[in-house]
Every structure is written in structure tokens, then in C-alpha cells.
1. Considering only DSSP beta bridges where both residues belong to the chain, give the percentage that are antiparallel (nearest 5).
2. I'd like to know which of 231, 71, 127 lies farthest towards the positive end of the charge dipole of the chain, counting +1 on Cβ of Lys and Arg and -1 on Cβ of Asp and Glu.
3. Under a 10 Å cutoff between Cα atoms, tell me which one of 37, 215, 154 has the largest fluctuation in the Gaussian network model of the chain.
4. Of 141, 213, 161, which is farthest on the positive side of the dipole of region 99-227, counting Cα position, with +1 on Lys and Arg Cβ, -1 on Asp and Glu Cβ, and the Cα centre as origin?
5. Find the centroid of the Cα atoms in region 193-241 and in region 270-342, then give the distance between the two in whole Å.
6. May I ask for the angle, rounded to the nearest 10°, between helix 210-242 and the longest principal axis of the chain, with both axes built from Cα atoms and the value confined to 0 to 90°?
7. Counting only helical runs of four or more DSSP H residues, what would the 222 nm mean residue ellipticity of the chain come to if each run contributes -39,500 (n - 2.57) and the total is spread over all its residues?
8. Considering every pair of different Cα atoms, what Kirkwood radius, in Å, is found for region 4-156?
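Laboratory data are not the source of any read-out in this text; all were calculated from the coordinates shown. Everything quoted here is computed from the prediction, not taken from an experiment. Glycine also receives a Cβ, built like all others from the backbone with ideal geometry; neighbour counts cover every protein chain displayed.
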Amino acid sequence: MRSLQIFKIWGIPFKIHPYWFAILFLFSWSITNQVNLTSSEIYNIKEAWLIGFLTSFFLLTTIIFHEVFHTFVSLNHGVKIKKITFYFLGAILQIDKECQTALGNIKIAIVRPFLCLFTALILLLISYLSKSNEHIFTNIVNRLAILNLFLAFLNLIPVGSLDGGNLLKSIIWYFSGSKNKGRNFLNKFTLVLSTLFFLSGIAILFGLNFYYGLLISFLGLFGINSSKSESQFFRIENILKFSKVSDLKFKPLRKIEFDSNFVELNNVVKNKKDNQDKYLFLTNSGRWDGFVEEKILKDVSVKKWKHTLVGEFKKPIKNFISIRGSTELWRAIEKLESTNEGFLLVLNSAELPLGIIDRNKIGYFVFSKLGVELPYNLISKFNNKNQYPLGIEFPKIINLMKQKGDI
């Protein structure tokens, strides 16, 4: 669904997702019901709805106000933001480049919690100076203050992608000098805290309150799964970052002598095991002498096959898209994705061919490093399509690594 742009600052569009309007209504309805249950003798139905709607609407206003300041601080610390979309109680930022320093990330992480706390204190002061505690205006101000306090403490919880999690990670990064130590510490802390939440929820579920227990245990389970996913993602990043192309198991090159005729070429083509293979590499007295494509068979009449030599159609190996075996794996993936066919010729330091790599070879290597063994039927399926196994999107992972400044 298309988001609605509300304004544009510093070249960044601020948008509201259509779901926000449905959530606005539900939140307004919830607050209205609360007012009716607790203060029905003071406010009529119209006034209760007014309190519910204005509280919800102005809550979004304060969130947008906070996000503008957060964006300003982020931009001043090198963050490149493409757009910002609001989903009522928060916003999703589409970022092209993240802050590259620990101190900068600390400053960015404390902006929203600080502004929520500051807003709450100002609203509480206004409420205190108000003459009537039962006035509609005062009621709305009190509710906004409480909700801002809630958002401040929620954002400060040191887990996952919340500001509190980013703050904890950045502090560890700042004092240790290692970004990875910060990420690892946060991930372990998230796992421990989520496990405590889950166990507490189970205890509450059977002992005190079923619904609260169910909610807390669900949040704990969500945190545990998020922690495991982050740990797996971190391992994949390290594999892509520190592994070399030479670590992979290459697809062997199909060879044919340069002075072979087209009848011999046709026999080799008929006996090929992989439908993705389209090229053959020529040898001349044990030395590499170029390559040809299978399709040259169609360029020559069958009657002339016996007298036509493969070497007459050879192309120099330097024309084949290639990569050195010493290249980092993430760079190989980038180059692979820039090709039309999805495979690369691997060369050694002497510029001699070693083999072919494609998406399958890369995917199986990463999964094997993760300790995951794929079933044979899946291997066959992806071999025929030259796809990354299980649909894992390595190019997107690499883009995220670039955004974070990890590569």
C-alpha cells in the first residue's frame, strides 16, 4: 500500500503508512472505552471520543516532532536517510548509510528517549499548573505525558534494534574499540533478557494472569528468535567478509583439444551433466588456449563437422568474465550479480583457470560453514536454476554490510 507524504525536510520525505489510520481509530477507541469505564460520570460519550481521538492524534504529532530532531542529529553524524515512514508508535527509516563512529551512534541513540522524557516532563508541568484536574484539556495532557514516559522507557530497553539496544552496543563499541564486540554483547544480552521474559511469562500464565502471561511469554519468545536470527546473520556476514574465492569448491572446467573437430565437440556436449554448462575450454599440448561456446555447433552445417576444427572459433580466456582466487567472497558475489549468466571463471595468481563458481557453489559453501546440510533433492533443484539455496539473498546482506560500514 502506498504511503502518504506529509512533508519533506532536508530532501527526506516523511510519510504515514495507510495502516496508521486504522491504528489511530483503534487506539482512539481503546482510550475512549477507558474514559467511559473510569470517568463516565464526568464525561459524556462525545467528550470521551474527543479525549480518545486527540490523545492519539497528538501522540503521533509528538512522535513526528521527535523524529525530525532524531533525523537532524543522524544527518550530522553521516547517516544517509532515503525516507521515513510512520507506523503510529514509531517510524521505519530507509537508510543508505549508517553512522560510522561509536560516539556518533551513542548521540543518535539517546535523542528519541531524551525527547520523549523531556516532552513528558513539560506536559506534566502543564498539567500541574492547570486549575481543574477534570478538565478535558488536562486529561489529554496527562495521558500524553504518560504515553511519552512509556515510549521513553520502552526505547531505553537494551534489546534488539531499539534505541536502548543501539545505545548499549555503541557504548561497548566505544570503550572496547570493536564494533563486533558491541554487537555480540547486545545479542547475548538480548537472549538472556528474552529468556527471562519468556520464563516469567510462563509463570504468570499459570499462576497470576493468563493474558498478561501469554503476552510476556510471546514477547520473550520473539526476542529469543530475534537473537538467534541476529547471531546467524552475524555468522553469515563474517563468512562473506573473511572467506576467499579459493575456499570454495569449483565446478570443473570442460576441456577439449583445440584441434578437435565438431563431431568430437558434439559428443562432449551430448554427455554433459549440467545443463548450465555452455562453455568449453581449449587445451593445446597441456596448455590453456582459449574457450568456445556450445552454440557454435549451430553455426556450421553438419556436413562440415568432420573438417571444421574447434580452434577456429576460439576466444581468448581474457574475454571470459573472471575473478582471482584471492578475492573476498563478498566481492565475488557483487561481480557475479553484475553478469548476465551468473557465473565466473576463477584464476590463480598466474592468470591460469582453476574452475567455475556460480550461485549454487557460493550458497553451499556458506551453508556448510554454518553447519547446515541441504537435502539432495534441494541441491538438484537449485543446481538447475543457478539460484542461491533456500532463496537466501546475499546481495542484500552485502548492501546492509556496506550501509553499516562493515565492508
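1. So the antiparallel bridges amount to about 75 percent of the total.
2. Going by the Cα projections, it comes out as 231.
3. Maximum among the listed residues: 37.
4. 161
5. 51
6. 30
7. -19000 deg cm²/dmol
8. With all distinct Cα pairs of region 4-156 included, I get 16.7 Å.
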